[in-house]
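In what follows, a single structure is set out as structure tokens and then discussed.
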Amino acid sequence: MSLRPLISIVDDDESVRESLPDLLTELGFTAQAFSSAEAFLESGDLNQTRCLILDIAMPSMSGPDLQRELTLRKHAIPIIFITAHSDENVRTLLLGKGAVECLFKPFSETSLLAAISVSLQVN
Amino acid sequence: MENALTHVVNSLPGLLWTARPDGQIDFLNRRWCDYTGLQADRGLGVGWQSVVHAADLPELIERWQAIRVSGEPGEIEARLRRFDGEYRWFLCRISPLSEASGSPVKWCGLHIDIEDKRRDEDMLRASERRSHMIIDGLPTLVAISSATFQLESANLHYLEYFGGTMDELKALGPVHNCHPHDRPGIMAARQLALETGRPYEIEARRRRADGAYRWFHLRHFPLKDTHGRIVLWCLLQTDIEDRKRAEALLAGERSLLEMVAAGESMSRILEALCQLVEETVSGCFCSVVLVDSSGTRLAHGAAPSLPASFIDSIVGLPVNLTSGPCAMAVCRNEQVVVADLASETRWAAYEWCPLALAQGLQACWSTPISSAAGKVLGEFAIYYTEPRTPTPEHQAMISQIKHIASIAIARAQNDAALKRSETFLAETRRISSIGGFSKRGATDEITWSKEIYRMYEFDPAVPVTLDLIYSRIHPEDLPSVLELIELQRSGCDYEHEYRLLMPDSSIKYLHVIGHASVDHAGQLEYITTIQDITERRRSEEALAKARSELAHMARVTSLGALTASIAHEVNQPLSGIITNASTCLRMLAADPPNIDGARETARRTIRDGNRASDVIMRLRALFTKKTVVTESIDLNEATREVIALSRSELQRNRVIVQTELADNLPCVVGDRVQLQQVILNLLLNASDAMSGIDDHPRQLVISTELYEGDQVRLGVKDSGVGFDSHDVNRLFEAFYTTKSTGMGIGLSVSLSIIESHQGHIWATPNEGPGATFFFSIPQRGEGDTLGSSSVAGRATDLADDQQPTGKAQ
């Protein structure tokens, strides 16, 4: 197991998949990006992932769908949802279902770091 | 002496002869010989027989024999031939010349010419015979009685009518076979005549041999001798049954028509009609059966003397040829005569005949009753308890009766229809708040209906004047109304709307239509209807308000959705910018600084910045274009933009968008923003249609293609709930929606946009789940991206409809 915790990113938006892993690497994490929930589930990174940064709205399987699926598979990975729709109702709902945080795009480095550190403490 | 005697005998004005006791003629005088032209010697013995008429001779010989045997004088009549061959009648008086012993020694005969007397007698007898013949031949009953009214003789008709011989009738006594009701009257008249010797006339019924009573007119008058003494009474009895019946029928018909005119109920009239026939034609039963309003079933009319159970079995039968004679008569509009029900085989299916026979009826004549226009209203039936066929008299009466029945039924139906339509009209007026008034141009005399009083809220007791009307009209509308009144002088038809200002300051809207006509006196008259349209106006205003609210809501809703879309589209690149910028700073702050990484992240920051800028530019394009701009549009590009704008919305709905955009698609001409609104609407509708679908992917295929040579078609195919095929015509109507949250405006707006682009918009159900919505619009005229065959096709179309594509420019 690497000393640098693995953070997985699932987002269908390419610019997120492009920029976020670089930032996380700079922050001292190992980052892996997936374009869909299915791709993440099929990867071998589930067990190594210490924190999941997950887009809510995606075609086919959505972020919350993936959360449900992971719960079913007994993978208790802390999840930070990210979304371009700033909807407080959705945020409240997701936090209620066990998400560590729900960040509205564009989010600051500080808020991202805070959420990640909470996730890692949960572990 | 002998000579002298002979001379005398020869000179006697008679034909004289003598005969011997044995009958042989032994002497004929000169006159005999002169008359017969026979020589005396030729006539002696039995020679005389040659001048006796052959027809008279045998009787004469016999008689002559008898006289001789009796020895008494006697007379014989016979014709003797004159010398010129003419026969004349003679009376021959024969006397015996007897001796003292008493036995005749000679017979003496004298012929007296009785030709003239005989002729007179013959004439008298002939005259008597003629008289008898005449009396017998008189079409009337003649009876002769003595001065004391003892019946002496009667003519043949008399005997035949009463059905007895002279002696039998004499035995019956005076005023025999008279109707008991009429007998006292006749007895009184006879008594008076006997006392006064004056003739009398009276009408009475007398019983015929078959038992039927018939009406007679009796004239009883005395015959007097030269001294003025009554010797005989003559009774003339003329049959007036037909006249009486016709009179009764006529009186009955008149009373029926009076009932019709007085508006008596149809059932009462028809009942009276049946009773009239039953009274007029003895021994019959009548009924009237009607056709119901549907024209398919028999309905009850009247049958005062027939058992209800029998009529009930007829009422309700279908009008056809099989259910009975009544139905058949109605069905064929022809008289149906059943002379003998017992031998009738028709209508077996309904067992009609056994039904009638069970009531003791044996004959039925059913005659259809038709209106003046030829419509069959019902039928009139006559029943008999014995087999019978109608006589011409019956037919004449039936034809009269059915005519009256037709009048009564038609009148009743007209009355009912009139009453219905009056009620209907009054009700319609009340419901629709329509009033009417008439106004005479010259006099300004106004007649108002009740409804108008109600509308204007005037006391119906107050006479209406123009000034009173003006006082109610809204001051702002008064000038236009006055103009209208002026217009009325010219006799024009008019239509106008104006308001009333009521005392409580409420407003009423009235719609008035006036029609000018010229009455029989040549005077201009306006018939005007006024409708209170206040309610309608209020509804229209409420509807307009609701519409504008709806439109506002639609705008707000779509703006909200749009804002969310815009935020999403802008937030994505912003998120990239911030992340990249953070990474960039981190890379630069590292020791040593990661210059290459920082450069790369800075480049990405710029790219995302441009991306955000693009979004803003598209928004500016959407919101700043207020006027309709026509430009050349690449539908593929426009579609991609819409997909980009609505992506987040579609994603949230978990819709998988697949694009099948044709390469080298020709441009179209139109308003880009409007067309994008249509595409957006179709996408969002498709997304909504799939919102409840969980058993298969929410697949959305948006495609573009060249269509029918000169059109560009865009299709949006979903796998949603689809639509019922009977809704296909309503999909594009405003406010029609199958969605619980939708307004139903989108597609109607889309329709108007596409139509303004000379295009078509339509929908078809998919073979699988869901539906596909298409629109097509003409490609741009100057487009140069088409193959040569398409250009040729387009040229043909242009020639056909003379309308160049791209005319929207």
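The values are calculated or read from the model by the stated rules, or taken from the named source; none is laboratory data. Everything numeric in this text was worked out from a predicted model, so none of it was measured. Methodologically, a virtual Cβ is constructed for each residue, glycine included, from the backbone with ideal geometry; neighbour enumeration extends over all protein chains shown.
At a glance:
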item	result
Check on B:V669, part of a strand (DSSP E or B), away from chain A (no Cβ under 13 Å) and in contact with a strand residue (DSSP E or B) (Cβ under 9 Å, 6 or more places away or on another chain)	yes
So B:V678, is it touching a helix residue (DSSP H, G or I) at 6+ places or on another chain (Cβ under 7 Å) and farther than 19 Å from B:H760 by Cβ	no
So A:A99, is it away from every other protein chain (no Cβ under 14 Å), over 20 Å from B:R654 (Cα atoms) and under 14 Å from the mean Cα position of the chain (by Cα)	yes
Criterion violated by B:Y200 - all others in (1) closer than 23 Å to B:M133 by Cβ; (2) in contact with a His (Cβ under 7 Å, 6 or more places away or on another chain) satisfied	(1)
Test set (1) within 27 Å of B:C584 (Cα to Cα); (2) within 10 Å of chain B (Cβ to nearest Cβ) - A:S62 fails condition number	(1)
Pairs, first surrounded by fewer than 21 Cβ atoms within 10 Å (Cβ to Cβ) in the stretch B:707-718, second among the charged types (D, E, K, R), C-beta under 7 Å, six or more apart	B:Y707/B:R713; B:G709/B:R794; B:G709/B:D797; B:R713/B:E705
The stretch A:23-59 - residue that is facing chain B (nearest Cβ under 10 Å) and in contact with a Gly (Cβ under 7 Å, 6 or more places away or on another chain) and, of those, nearest to B:Q699 (Cα to Cα)	A:I56
The stretch B:100-153 - residue that is of a type in the set (V, I, T) and either in contact with a helix residue (DSSP H, G or I) (Cβ under 6 Å, 6 or more places away or on another chain) or without any contact (Cβ under 8 Å) to a residue 12 or more places away in the chain (or both) and, of those, surrounded by the fewest Cβ atoms within 10 Å (Cβ to Cβ)	B:I134
Hits in the stretch B:353-393 - residues which are β-branched (V, I, T) and either within 13 Å of the chain's Cα centre (by Cα) or surrounded by fewer than 16 Cβ atoms within 10 Å (Cβ to Cβ) (or both)	B:I369, B:V376, B:T385, B:T389, B:T391
Residues satisfying the stated conditions in the stretch A:79-111, i.e. of a type outside the set (S, T, Y) and assigned to a helix (DSSP H, G or I)	A:E88, A:N89, A:V90, A:R91, A:L93, A:L94, A:L95, A:G96, A:E109
Yes/no for A:T71 being away from chain B (no Cβ under 12 Å), of a type in the set (S, T, Y) and in contact (Cβ under 8 Å) with a residue 40 or more places away in the chain	no
All positions within the stretch A:76-94 that are surrounded by 13 or more Cβ atoms within 10 Å (Cβ to Cβ) and under 13 Å from the mean Cα position of the chain (by Cα)	A:I77, A:P78, A:I79, A:I80, A:F81, A:I82, A:T83, A:L94
Test: residue in the stretch B:10-31 that is surrounded by 16 or more Cβ atoms within 10 Å (Cβ to Cβ) and out of contact with any strand residue (DSSP E or B) (no Cβ under 7 Å at 6 or more places or on another chain)	yes
Total residues in the stretch B:575-600, condition under 18 Å from A:T110 (Cα atoms) and either touching a residue at least 60 places away in the same chain (Cβ under 8 Å) or within 8 Å of chain A (Cβ to nearest Cβ) (or both)	11
Residue match in the stretch A:32-51 (condition: within 24 Å of A:F104 (Cβ to Cβ), modelled with pLDDT under 90 and in a loop (DSSP other than H, G, I, E, B))	no
